[in-house]
Each structure stands twice: as structure tokens, then as C-alpha cells.
Amino acid sequence: MKHLKDYVWGIVGLVVLVVAVWLLFRELRGLSLAEVEASIAAIGPKGFALAALSTLVAYCGLAYYDRTALEHMGVKLPWPFVATVSFVTYALAHNIGATVFSGGLIRYRAYSTKGLSAAQVAGLVAFCSLTYTLSMATIGGFALTAHPDIISRLTPLDAWAGRLIGAALLALFALYVIGSLRHFPPMKVWSFSILYPRPAIAARQLIAGPLEILGAVGIIYFALPSASNPGFVVIAGIFVLAFSAALLSHAPGGLGVLEFAFVKALHDVPPADVIAALLVFRLFYLIAPFVVAVLVAAMFERKTIFALFQKRMGAST
């Protein structure tokens with residue numbers, strides 16, 4: 001039974017991937033490769049440059065996740081090391097899937113070399129997950145409050161429901177800020193306890209999280225044509241819903257889930273333009289960082305790899 005549990009999320013991710021790709025195929029019937037190529041060409045140098053800048057902003061935000069978590073724990077490490085570990089962690093975990101688990105393993109391998117224990121790394125992962133969740137709720141709350149009809153693009157709910165959900169999300173944001181300022185006792189959520197950080201740390205959380213998410217949103221926003229672009233706030237709201245669904249699906253990189261959600265939500269934008277923007281997002285936010293992260297990880301592990309190679313060569317002679 002335990003052996004089966006080790007594979008359950010992989011099986012779930014595979015099933016979701018197959019279903020999402022099938023649904024996406026239904027949505028894109030009749031779309032030609034030439035149309036997508038034309039949409040990519042129409043983005044232009046300025047659009048690609050702004051998308052690249054947005055990617056840099058997003059990964060700076062992700063690095064600040066780890067830096068803030070370490071400050072909360074009272075651990076001081078060199079900023080270049082923290083930024084590198086964060087980049088490799090997220091670049092690999094976003095593509096592998098099961099971000100919390102895969103990210104935790106990668107972080108432990110790196111931070112344990114600086115003396116951090118498994119419990120400390122687990123605390124860091126939990127704090128970063130809280131920062132991300134809080135930021136998604138905050139941005140989603142603002143987006144739904146400003147444009148409550150966003151919810152009806154992906155669900156059967158109407159604008160009133162969208163406005164209520166947005167208000168509830170902003171209330172959670174306000175509660176977190178007030179709890180930090182007033183030093184509330186830990187908040188219990190099922191079996192978890194959420195400790196309110198001191199105000200300086202909470203302020204850093206509210207910079208790091210939105211910085212990363214808005215940077216990721218910017219990639220898609222700048223890759224979409226201005227003529228049919230619904231606006232940054234609407235794209236941000238859709239991104240929060242779509243990317244949350246992609247992460248919960250456990251599909252590698254949210255493949256299929258993210259595309260289907262965006263094509264469905266942006267029904268007033270030509271599908272070729274939506275797919276082109278998402279291809280740019282995957283290239284800039286997922287694929288290119290993944291390639292670089294693999295090279296960085298290989299450099300970090302070069303001694304281990306070389307030792308294994310020597311051992312294997314010695315065994316063969």
C-alpha cells in the first residue's frame with residue numbers, strides 16, 4: 001500500500017494531463033499551425049523584450065521568497081547562494097510537478113550543505129507556500145473585486161459570486177496583516193498552525209509574492225495582441241484561477257490544464273493568439289529556466305557525478 005502511495009500523485013497528474021489535452025484539442029479544432037506561427041511573429045521584438053523583463057521580475061520575486069523565509073527563521077546566508085537555490089528549485093519544480101514535494105527535496109540538498117536541518121528546510125518550504133498562497137489570494141481578491149465577471153469565464157458562477165469571493169479573499173489578506181500587526185496567536189487551519197510573522201517579515205511577504213505573480217502575468221499580457229487584450233487585471237485574475245488549477249492537477253508544468261483554462265477564459269481572443277502567448281510563457285517562465293537550472297544543478301553536483309562515474313568505471317575494469 002505504501003508503495004502505491006508513492007506513485008499516486010504521478011498517476012493523478014497523468015490522468016489530468018490526458019483529460020486536459022483532450023479537452024484542449026476539442027477547443028482548438030480547426031486551428032492551424034500557420035495561424036499560431038503568425039500570432040507568434042506578431043508579438044514583435046518589443047513584446048518579447050517585455051516578456052523577458054517580466055520573467056526576470058518573476059524570478060527575482062521567487063528568490064525573495066526564500067530570503068524572506070530565512071529571515072523569518074533567523075538564518076543568514078549569502079544572497080547569491082539563496083537566489084541560485086531559489087532559481088534552481090522553482091525552475092525544476094515547476095516543470096517536474098508536485099511543487100511542494102519536489103521543491104522541498106531540491107532545497108534540502110542545497111541548504112543542508114550550509115548546515116540547515118530537515119526540519120528547518122520543511123519550515124522554509126511551508127513559509128514559502130504560505131507566501132505564495134497569500135499572494136495568489138490577494139491578487140485574486142483585487143482582480144475579482146475590480147472585475148467580478150472574471151469568475152464566469154471559467155465557472156458557472158455569476159459576477160455577484162465573483163464579487164463575494166473577491167471580498168472574502170481580501171478579508172483573509174486583511175486578517176493576515178492585522179494578525180501580524182497585533183501579534184495574534186497562531187491561526188489553526190485543520191491540522192496546521194499558521195504563525196503570524198512580525199510586521200517587517202509580513203511586509204516582505206507582501207512584496208515578494210505579488211512581485212513573482214505579477215511578473216508571470218506580465219509574460220502573458222505582453223505576448224497578447226493589444227487589440228483583443230482584455231487588460232492586465234483581467235489577465236491576472238484568469239492567471240490566478242488557471243495556474244492554481246494547474247498546480248492542483250499535479251500535471252508536469254500544468255501542461256494542458258493551463259492552456260485549456262486560458263483558451264476557455266479568453267473566449268473573446270483569437271485562440272491562435274492565446275496559444276502563442278502561452279507558448280511564450282512556457283518558453284520564458286518554464287523551459288528556458290529549466291535548461292539553465294539543469295546546468296547549474298549539474299555544476300553543483302559535479303563532484304558527486306564524477307565520483308559515481310569513477311566508481312562505475314572502476315567496477316567495469
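Any read-out appearing in this document is the output of simple, stated calculations on the displayed coordinates, not a laboratory observation. This one's a predicted model, so the numbers in the text were calculated from it and none came from an experiment. Positions of Cβ are generated from backbone atoms using ideal geometry, with glycine treated the same way; all protein chains shown enter the neighbour counts.
What Kirkwood hydrodynamic radius, in Å, does the range 158-280 give when the mean of 1/r is taken over all pairs of distinct Cα atoms and then inverted?
Kirkwood radius, the range 158-280: 16.6 Å.
Multiply the residue separation of R182 and F48 by 0.36 nm, subtract the distance between their alpha-carbon atoms, and state the gained length in nm to one decimal.
Roughly 43.8 nm would be gained on extension.
Around A202, under 15 Å between beta carbons, what's the net of Lys plus Arg minus Asp minus Glu among the other residues?
+3
Label-point separation (nm) for A174 and F232, each offset 7 Å from Cα along Cα-to-Cβ?
Using points 7 Å along Cα→Cβ, the separation is 2.5 nm.
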